[in-house]
Amino acid sequence: MAAPPPYPQAPAPPYQGVPGPAAYPAGSSPYGAGQGACQVCGAAPAGPVTVRGHQGMIVIMRSLRRQGVFCRPCGLAVFRDLQANTLVAGWWGPLSAVVTPIVLLINLGALSRIRKLPEPVAFGPRPPLDPGRPVFRRPQGVVALIPLALLALLVLAVPLLAIIGAATDAGKPQPLTAGSCVHNDGTVTDQDLSAVPCDSSAAQYRVLYQSDDTCGPGDYLADPGYSTDGVTVLCLRPLDAADQ
Ligand SMILES: [Zn+2]
């Protein structure tokens, strides 16, 4: 039984149809290799622009990117659309909340490149895209003021907390060492102890370390906050009773 001859495996001829306007790959245009003509409307001058977008979807997220050669109005339209959508859709996820401000900032770089393009002087077969209203005069921009304000608070809060932390540290009592002498500007219960030289007239107490957690008769207990570990009990022996 003879096997049928193999079917000739001729490759399919490449599609020769004319691509629609939307099918031009990034960086090219109907007017050549991306030099000077907008890939959306054909207007000139135009320049390479990359605008990014981000969508957070709680667990997953999606990064968007539109790259191409755009004239000024088309570039502005692409920027404003993606920026406005990212401002609303970008924040929804733990990682997205971090990525979104970065994408928004990178887009500001793209915006400055778009703004450097002059207004079109030669128009293509179609009118340029309508740039529409600026991002913060769109509803999305107004909604986005909430996450942006929270972000600004967060950015401000970090150095603020550091300052508060430093101030709190500065207010912490200096640890006392056994054998030193102190002056108390507070009361016995609300102590404000400062180390002073033992031979000065301001010296009131000698600091003693008691290994068995008890102090002698007539001694005061120093606030535990004055010990290096915050737990060890230090005794304050009035200087007239201490043997000097
Ligand atoms: Zn255009």
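Could you tell me whether V40 is within 22 Å of L148 (Cα to Cα), at pLDDT 95 or above and buried (at least 22 other Cβ atoms within 10 Å of the Cβ)? In short, no. Among residues of region 192-205 that are free of Cβ contacts under 8 Å to residues at least 60 places away in the same chain, those with a beta-carbon under 6 Å from a residue that is acidic (D, E) at least six positions away or on a different chain give the pairs D192/D185. Given the condition closer than 15 Å to Q140 by Cα, more than 15 Å from the ligand (Cβ to nearest atom) and not in a helix (DSSP H, G or I), answer yes or no: does some residue in region 62-75 qualify? Looking through region 62-75, none of the residues is closer than 15 Å to Q140 by Cα, more than 15 Å from the ligand (Cβ to nearest atom) and not in a helix (DSSP H, G or I).
Within region 61-88, residues that are under 15 Å from Q39 (Cα atoms) sit with their Cβ atoms under 9 Å from residues that are more than 10 Å from the ligand (Cβ to nearest atom) and hydroxyl-bearing (S, T, Y), at 6+ positions apart or across chains, in these pairs: R66/T50; Q67/T50; G68/Y24; G68/S28; G68/T50; V69/S28.
Does region 140-195 hold any residues that are in a helix (DSSP H, G or I) and either β-branched (V, I, T) or under 21 Å from Y209 (Cα atoms) (or both), and which are they? Selection gives V142, V143, I146, V155, V158, I163, I164, T168. The test for being free of Cβ contacts under 8 Å to residues at least 24 places away in the same chain and assigned to a loop (DSSP other than H, G, I, E, B) does not hold for P125.
Residues that are in contact with a Phe, Trp or Tyr (Cβ under 9 Å, 6 or more places away or on another chain) and within 27 Å of A43 (Cα to Cα) were ranked within region 129-168; the one that is farthest from the ligand (Cβ to nearest atom) is V135.
The values are calculated or read from the model by the stated rules, or taken from the named source; none is laboratory data. Given the structure is predicted, the values throughout are model-derived calculations rather than measurements. Backbone-built Cβ (ideal geometry, glycine too); neighbour counts: all protein chains shown.
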